[in-house]
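Here the structure comes first, spelled out in structure tokens, and everything after it is commentary.
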Amino acid sequence: MLQHFDPRQSEPTAFDTGRFDIRQFDRDLGTPPRLSETRVTLNIDGIDINVPEGTSVLRAAALAGITIPKLCASDNLEAFGSCRLCAVEIEGRRGYPASCTTPVTEGMAVTTQNGKLAKLRRNVMELYISDHPLDCLTCPANGDCELQDMAGAVGLREVRYGFDGANHLDAEIDDSNPYFSFDPSKCIVCSRCVRACDEVQGTFALTIEGRGFDSKVAASQNEPFMDSECVSCGACVQACPTSTLMEKSVIDHGVPEHSVVTTCAYCGVGCSFEAQMKGDKLVRMVPYKGGDANHGHSCVKGRFAFGYATHKDRIREPMIRDSIDQPWRPVAWEEAIAFAARRLKETQSTYGRESIGGITSSRCTNEETYLVQKLIRAAFGNNNTDTCARVCHSPTGYGLKTTLGESAGTQTFDSVMKADTILVIGANPTDAHPVFASQMKRRLRQGATLIVADPRRIDLLKTPHGGRSLHLPLKPGTNVALVNALAHVVVSEGLEDADFIARRCDTDAYQRWREFISEARNAPEALETETGVPAAQVREAARAYASAPNGAIYYGLGVTEHSQGSTMVMGIANLAMATGNIGREGVGVNPLRGQNNVQGSCDMGSFPHELPGYQHVADPAVREKFEAVWHTTIDDEPGLRIPNMFDAAIAGTFKGLYVQGEDIAQSDPNTQHVEAALTALDCLIVQDIFLNETAKYAHVLLPGSTFLEKNGTFTNAERRINRVRKVMPPVAGKEDWEVTQDLANAMGYAMHYNHPSEIMDEIAQLTPTFTGVSYARLEARGSIQWPCNDAFPDGTPTMHALDFPIGKGNFAITDYVATEERASRRYPLLLTTGRILSQYNVGAQTRRTANSAWHAEDVLEIHPSDAELRGLRDGDWLGISSRVGRTVLRCRVSERMAPGVVYTTFHHPGSGANVITTDNSDWATNCPEYKVTAVQVEKVSQPSAWQQHFQRFDARQQHYLESAEAVTAPLK
Ligand code: SF4
Ligand code: SF4
Ligand code: SF4
Ligand code: FES
């Protein structure tokens, strides 16, 4: 029996021993809970129990501590009633009803155990076992199999029917999926997998095909899993009570023995997982039922793509070199840190205090990020700190702070279950935030209206659902025009929430905004040509959002990564305030964060102008508070943003950079400009788990630790602070925060933390929204949504319920200014970029897993009419040119695209997607305009000049690494 730790039910003596192995948390109660306020009392085996109306007898019994055998039921799936193992006797009723499908009634008297029931259950099990291979001892699920458990529970000792009759024992195994296998010979056709795919994941990839003896589980049109609609979320594998659907890692390594609860390090959903281990080997990641963000669900990345942590490419020793034209020299940690500190100090003494800086990572923990910005402000003595959020959600920070007073999403994920109209703008949740997308799809199946504003027809629009769906296929770059048109309809058709505006908003600001938005130039009819969206559709969408009891907005990088990203965020907040959709469950303004800890890296003071908790460096009281605790003086001038660092490097005034866990050479726009900046540095220190693209320009390479190798916290898109617990030791011996601490000490600034919990204590001391956060509290509660302080001791699931941090909500004027990046005769197509499900960000992690089976290369999607015009076919090599660069990708003709718009992903460095993106950026925050680049495409036969240069440079740098590796120890 697997043992694991539930942070809410245990009283740990340490925060993270790495091996909590005492109790079994997720006892399966058989059927889902019911939320009725009406209570019902019944008697089960002589015990009185009071439960909500609608609860099944099976669940009521489980709550009373009585276990009824079951096979086809599970408490995350609606009951199906097919196996009959859960039969009970109910006084006054004939026969033996299935307890999973029988709801409780007042005064009901239930018997769960007697001779007749025992016989009936044995007969059921006997039939199952007579068509099941008797290979328990060699079966990979031995010891972790519900069928085996139930055979024991009902006391089955013999099978009278023999094994010679018709059976399924020769059914062929489907091994097509890289992560799990499907062995139909072991299937008991309980349909749990089918229901998990429908109800939990919402993909509907599985069916039970045929009838009676011939019934069997089929993926899509009876295809191999890999060719079907399956998205490899793993929900069916988890649901399967036998070894029919089984992780290959368990088949290879055996059933795990103990587990540690931790948090996924991929996207901003922040799913909780049990890292299930055998000895110190990680066997599988199983979504944790007690996870407040995911409630036991997962996607292919968090569930399966963890193999990169032990990949042979991991950097295992610190390395240094004088110039990037030299091979790496592996050295001890002390030498590497001393070398880095000396180079940074020399740089400062030659070029001045402002000549160095650092970049924090949204993939690292809050504690690590806090420490890097502290290192920069306290040890470097300047505010030249920035983060990768610069290139994704910095406009969210600016826009939400200006309008609502706080730089964060307003809701929990669960809030979507109360939304009546869901407006998704510039986000693709099924690919980028899959577990939240499954929850959203559940709400859509219940009948909520869906409005998608996106140039592409994203998959969410194709999901089966019960309500209306509207697609507003706007032209890239016209978000602000669209949101203004939506708001114009709200105001001109009297759909505002006058009461909310009067009570909660700055009415002067509202009046100014009302006059502006009422102008004829903001009417949908006036903006139809600009946005490409018919006015009637805009009006219909505005009415659907504004007149819904609860309207919720979810947005992504399709909003922020524009020259008017901040304006658009403010436009969204205006729309929500004008319709009263703020401050309760089911509504709100919700940025869907890309990386796991984007919210946290912003909260922790990564931006040059803000100390942790978004406290401005120019505020003397704020500085004084930090200076007293940090024992140093803090510069009162904001430092350089990432693009300014690049410009200053090229200008020769910025010479040293410390980059923790971020690959700016691949992820930032206008690659050639970034490469020129990195080449100009005298001292580039990269701390990462692999030789990423940035590290190829580095002089010091410090091994990073993966999320499995450290303690800390991540903050997800709901402001939820979740624990990250160490599952295995860091491959190079140090967690990332320890390396930053060593560097600070070597620079002459003392840091002496013994554990990340001490760093969190300091964060709580200095950050008003975190004063109630501590590791002890996180252990007790599982997770906490900030603000958590004296005013909100239990955290804040829904923000702005009573007032805004700035008092009254502020309506901002959102003039639409068309981007300079427009289609022209020379560049007639608009390129927009995005992500896909199987890969993550720059792909450094997922490309080193079997996820590449789904996406081995970036391709350019183009509408059939644009392809035909240019004589292009699927698979052709395409030269894509913008005004800053040129690259070559393979062509995919796709109906998902609107004519005139092309699309690609940026998961593979050699694709050079960012060679063509320009350095246009958001007016307020410098967030790059990734989503709009005017391009031309043509058929070509060879890689671009940049790609040829990239291949040569990459080969040389790989050679330098391999020569260094010859003297390093191999991974275990
Ligand atoms: S594959 Fe597993 S879950 Fe699906 S029907 Fe067969 S036994 Fe049940
Ligand atoms: S892995 Fe997920 S998507 Fe694929 S069949 Fe199973 S439940 Fe459905
Ligand atoms: S949805 Fe995001 S956090 Fe959850 S498992 Fe997938 S990648 Fe990880
Ligand atoms: S568990 Fe109730 S019928 Fe299968």
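The values are calculated or read from the model by the stated rules, or taken from the named source; none is laboratory data. Keep in mind the model is a prediction, meaning the values are calculated, not measured. Don't worry about glycine lacking a Cβ; one is built from the backbone with ideal geometry, like all the others, and counts go over all protein chains shown. SASA here: full protein model, heavy atoms, side chains in, ligands and nucleic acids out. Shrake-Rupley method; radii C 1.70, N 1.55, O 1.52, S 1.80 Å.
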- Note on the structure: Picked from the range 350-396 (must be of a type in the set (K, R) and crowded, with 24+ Cβ neighbours inside 10 Å), the residue nearest to L708 (Cα to Cα) is R363
- Item | Leading residue by the ranking (farthest from ligand 1 (Cβ to nearest atom)) among those in the range 278-291 that are open to solvent by 40 Å² or more (accessible area, probe 1.4 Å) and in a loop (DSSP other than H, G, I, E, B) | D280
- Based on what the data block shows, is M246 among the hydrophobic types (A, V, I, L, M, F, W, C), within 16 Å of ligand 2 (Cβ to nearest atom), in a strand (DSSP E or B) and under 30 Å from A780 (Cα atoms)? no
- Task: Test each condition in (1) assigned to a helix (DSSP H, G or I); (2) surrounded by fewer than 24 Cβ atoms within 10 Å (Cβ to Cβ); (3) within 25 Å of the chain's Cα centre (by Cα); (4) among the hydrophobic types (A, V, I, L, M, F, W, C) for M728 and report the one that comes out false.
- Result: (1)
- Message: Anything in the range 97-124 that is in contact with a helix residue (DSSP H, G or I) (Cβ under 7 Å, 6 or more places away or on another chain) and either more than 11 Å from ligand 4 (Cβ to nearest atom) or among the small types (G, A, S) (or both)? List them, or say none.
- Response: S99, V104, V110, T112
- The number of residues in the range 303-323 that are open to solvent by 10 Å² or more (accessible area, probe 1.4 Å) and under 19 Å from L708 (Cα atoms) is 9
- Task: Output the residues belonging to the range 666-696 that are assigned to a helix (DSSP H, G or I) and open to solvent by 10 Å² or more (accessible area, probe 1.4 Å).
- Result: Q666, S667, Q672, H673, E675, A676, T679, A680
- Query: When residues of the range 204-228 are filtered for being touching a strand residue (DSSP E or B) at 6+ places or on another chain (Cβ under 8 Å), open to solvent by 60 Å² or more (accessible area, probe 1.4 Å) and assigned to a loop (DSSP other than H, G, I, E, B), how many remain?
  - Reply: 1
- Item | Unmet requirement for T207, which otherwise passes all of (1) closer than 30 Å to C271 by Cα; (2) away from ligand 1 (no atom under 12 Å from the Cβ); (3) without any contact (Cβ under 8 Å) to a residue 40 or more places away in the chain; (4) among the polar types (S, T, N, Q) | (2)
- Restricting the range 76-96 to residues that are touching a Gly at 6+ places or on another chain (Cβ under 9 Å) and open to solvent by less than 40 Å² (accessible area, probe 1.4 Å), the one farthest from C197 (Cα to Cα) turns out to be A87
- Message: Take V901 and tell me if it is in contact with a Cys (Cβ under 9 Å, 6 or more places away or on another chain) and open to solvent by less than 30 Å² (accessible area, probe 1.4 Å).
- Response: no
- Is at least one residue of the range 347-355 in a loop (DSSP other than H, G, I, E, B) and within 30 Å of N851 (Cα to Cα)? no
- Which residues, counting only those in the range 444-459, are out of contact with any strand residue (DSSP E or B) (no Cβ under 6 Å at 6 or more places or on another chain), open to solvent by less than 40 Å² (accessible area, probe 1.4 Å) and within 21 Å of D414 (Cβ to Cβ)? G447
- For the range 876-886, does any single residue satisfy the condition of being part of a helix (DSSP H, G or I) and either open to solvent by 10 Å² or more (accessible area, probe 1.4 Å) or out of contact with any Pro (no Cβ under 7 Å at 6 or more places or on another chain) (or both)? no
- Go through the range 788-832 and give me each residue that's among the acidic types (D, E) and surrounded by fewer than 14 Cβ atoms within 10 Å (Cβ to Cβ). D790, D794, D803, D815, E820
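Each row is one residue, and each column tells you yes or no for (1) touching a residue at least 12 places away in the same chain (Cβ under 8 Å); (2) charged (D, E, K, R); (3) more than 22 Å from C190 (Cβ to Cβ); (4) more than 16 Å from ligand 3 (Cβ to nearest atom).
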| residue | (1), (2), (3), (4) |
| --- | --- |
| K70 | yes, yes, no, yes |
| S74 | yes, no, no, yes |
| T105 | yes, no, yes, yes |
| A109 | yes, no, yes, yes |
| N114 | yes, no, yes, yes |
| L120 | yes, no, no, yes |
- Message: Taking the condition of being closer than 23 Å to V331 by Cβ and not in a loop (DSSP other than H, G, I, E, B), how many residues in the range 697-710 meet it?
- Response: 6
- Task: For the range 185-214, enumerate the residues that are small (G, A, S) and either under 19 Å from A79 (Cβ atoms) or near ligand 2 (Cβ under 10 Å from one of its atoms) (or both).
- Result: S191, A196, G202, A205
- Being under 17 Å from K808 (Cα atoms), crowded, with 16+ Cβ neighbours inside 10 Å and β-branched (V, I, T) is the filter here, so list the residues in the range 486-525 that pass it. I501
- Note on the structure: Flagged in the range 187-203 as crowded, with 24+ Cβ neighbours inside 10 Å and among the basic types (K, R), in numbering order, are R192
- R543, sole failed condition from (1) under 21 Å from D499 (Cβ atoms); (2) open to solvent by 10 Å² or more (accessible area, probe 1.4 Å); (3) in a loop (DSSP other than H, G, I, E, B); (4) in contact with an Asp or Glu (Cβ under 9 Å, 6 or more places away or on another chain): (3)
- State whether one or more residues within the range 189-209 are away from ligand 4 (no atom under 16 Å from the Cβ) and under 15 Å from Y128 (Cβ atoms). no
- Failed condition for K116, given (1) at pLDDT below 85; (2) in a helix (DSSP H, G or I): (1)
- Within the range 62-73, is even one residue at negative phi, within 16 Å of ligand 1 (Cβ to nearest atom) and of a type in the set (A, V, I, L, M)? yes
- Note on the structure: Taking the range 48-66 and the residues there that are free of Cβ contacts under 8 Å to residues at least 40 places away in the same chain and assigned to a loop (DSSP other than H, G, I, E, B), the one that is least open to solvent (accessible area, probe 1.4 Å) would be A64
- For the range 887-902, how many residues meet the condition of being part of a loop (DSSP other than H, G, I, E, B) and closer than 21 Å to E820 by Cα? 3
